[in-house]
Amino acid sequence: MLSKGRYDEALAAYRQVMPLRPDGRVKAGLAWTLVGLGKPTADRVWGVAVGSDPAAVDQLGETLKAKGDAKGAKALWTKLAASAPDYAARASLQAKLSQ
């Protein structure tokens with residue numbers, strides 16, 4: 001749903017899954033959904049997702065790209081690089097951004 005820009009549907013799905021499986025993948029997806037919707041809580045949830053598992057956020061970018069949303073992946077990686085510069089350097093995010 002995220003790769004298709006269907007943020008409202010994605011939000012409903014993540015809200016159902018979060019209580020059952022609050023892992024890094026779900027946090028990353030929920031955070032990116034809230035960013036996409038421009039919700040007031042987006043920055044706080046994004047910070048939690050990045051702070052707890054930046055690799056899961058990075059992997060969400062890979063998933064977006066693989067599903068045809070290269071623009072969304074690049075936007076996610078740009079935000080991740082700004083939010084977690086140490087992780088960005090370790091994970092070579094700059095290489096992904098220059099593709």
Sites GLN16 and SER98, calculated FRET efficiency, Cβ-Cβ separation with R0 30 Å, nearest 0.05
0.20
Relative contact order of the chain, please, whole-number percent, based on alpha carbon pairs below 8 angstrom and at least 6 residues apart.
22
Using a 1.4 Å probe on the protein chains only, how many percent of the accessible area of the chain belongs to carbon and sulfur?
54
Simple Cβ-charge dipole of region 46-93, Lys/Arg +1 and Asp/Glu -1, about Cα centre, in debye nearest 20
200
Helix-only mean residue ellipticity at 222 nm, the chain, DSSP H runs n ≥ 4 weighted -39,500 (n - 2.57), per residue, nearest 500. What is it?
-22500 deg cm²/dmol
What dipole magnitude, in Debye to the nearest 20, does the chain give about its Cα centre under +1 on Lys/Arg Cβ and -1 on Asp/Glu Cβ?
180
In debye, nearest 20: dipole of region 25-64 around its Cα centre with unit charges on the Cβ of K, R (+) and D, E (-)?
180
Give me the distance between the Cα centres of region 52-99 and region 7-32, rounded to whole Å.
18
Using θ = phi - 60° and the Karplus relation 6.51 cos²θ - 1.76 cosθ + 1.60, list the HN-Hα couplings for region 51-56 in order, rounded to whole Hz, with x at every Gly or Pro.
x, 8, 7, x, 5, 5
Selected from ALA49, LEU64, ALA82, residue furthest toward positive end of dipole (region 47-86; charges at beta carbon)
LEU64
Between 0 and 90 degrees, rounded to the nearest ten: what's the tilt of helix 7-17 against the longest Cα principal axis of the chain?
70
Over the chain, average the accessible area per residue using a 1.4 Å probe and give it in Å², no decimals.
57
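The values are calculated or read from the model by the stated rules, or taken from the named source; none is laboratory data. Keep in mind the model is a prediction, meaning the values are calculated, not measured. Backbone-built Cβ (ideal geometry, glycine too); neighbour counts: all protein chains shown. For accessibility, only protein heavy atoms count, side chains too; no ligands or nucleic acids. Shrake-Rupley method; radii C 1.70, N 1.55, O 1.52, S 1.80 Å.
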